[in-house]
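Q: Supplied in structure tokens, the structure appears directly below.
Nothing in this text is a laboratory measurement; each read-out follows from the coordinates by a stated rule. These numbers were taken from a predicted model, which means no experiment stands behind them.
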Amino acid sequence: MRHTQYKSDHHYVLLNQDVLSAFCDSVFETSADHVTHICSDAQGRGTVVFFQHEDRELVLKRYHRGGLIGRFVKDTYFFRGLNKVRMWQEFRLLAHMRDLGLPVPRPIAARCSKTSPFTYQGEVIVERICNAQTLAELLCQQALPEKTWEAIGLVIRRFHQHHVDHADLNACNILITASGQIYLIDFDKSHIRSPHDHGWNQVNLSRLRRSLQKWQKQQPYFHFELRHWLALERGYQGARSMPAQVSRSASAISR
């Protein structure tokens with residue numbers, strides 16, 4: 001994927017040249033006529049705007065802080081160089097994963113706005129995955145077949161084989177389309193691990209399982225059972241026909 005960088009006043013903009021052939025800072029100024037939906041992410045750390053631009057369905061995410069510090073400093077970050085700002089890193093990681101053939105949204109643009117010599121705010125725009133729902137949304141509506149859970153495990157394994165460490169792998173960051181395609185989204189603070197690092201992939205899986213269990217406790221109808229997690233593990237291990245007893249042993253080890 002080809003991308004280029006521009007500067008306009010106090011804004012730095014990174015563009016996907018395969019989609020936007022010229023400087024287009026206006027893509028970040030979404031008008032009410034083109035906005036189709038606005039929501040906050042599951043952790044409340046960002047505002048997500050779904051909008052149309054030049055006949056494309058796009059998603060704009062504004063970066064917000066979470067946790068205790070987010071109560072005092074909502075959306076401003078310390079500037080340590082352009083290559084270290086969060087939207088630059090997420091854009092470039094998405095571009096790299098797309099080049100690897102991994103199922104992630106196509107990055108369109110990123111903007112870093114200097115609010116002072118030492119601070120910045122920012123946004124990233126990606127192409128919308130149409131006709132898709134999050135895993136959490138789907139499980140509130142219906143039970144998914146074990147083959148779908150195996151497919152989810154297989155997709156996660158593909159990312160791990162390329163050493164992609166998703167910093168927040170949870171039930172809201174897995175999208176499933178109406179045709180059954182599976183995508184991972186929201187790679188803020190994610191990165192490529194060294195082949196010599198160990199244990200991080202199991203941390204990813206454990207985080208996802210805790211997310212599913214949390215949803216299960218909070219929702220009156222949430223279709224998630226142990227057999228679903230075991231199916232995901234089978235897909236991750238690349239052994240769809242693995243005997244149930246063997247998979248249960250692997251699950252016990254992972255816990």
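Q: Hey, what's the Kirkwood Rh for the stretch 78-235 if you take every pair of different alpha carbons, in angstrom?
A: Hydrodynamic radius (Kirkwood, Cα only) of the stretch 78-235 equals 16.8 Å.
Q: Also, quick follow-up: Using modelled amide H (1.01 Å from N, peptide plane; none on Pro or chain starts), what sits under 5 Å from the amide H of His3, excluding residues fewer than 5 places away?
A: Here Gln17 satisfy the definition.
Q: Where a Cα-Cα gap under 17 Å defines reach, which lysines qualify for Lys7, not counting those fewer than 8 residues away within the same chain?
A: Correct list for Lys7: Lys84, Lys114.
Q: Please report the projected area of the stretch 82-173's Cα convex hull averaged over all directions, in nm².
A: Orientation-averaged projected area of the Cα hull: 7.4 nm².
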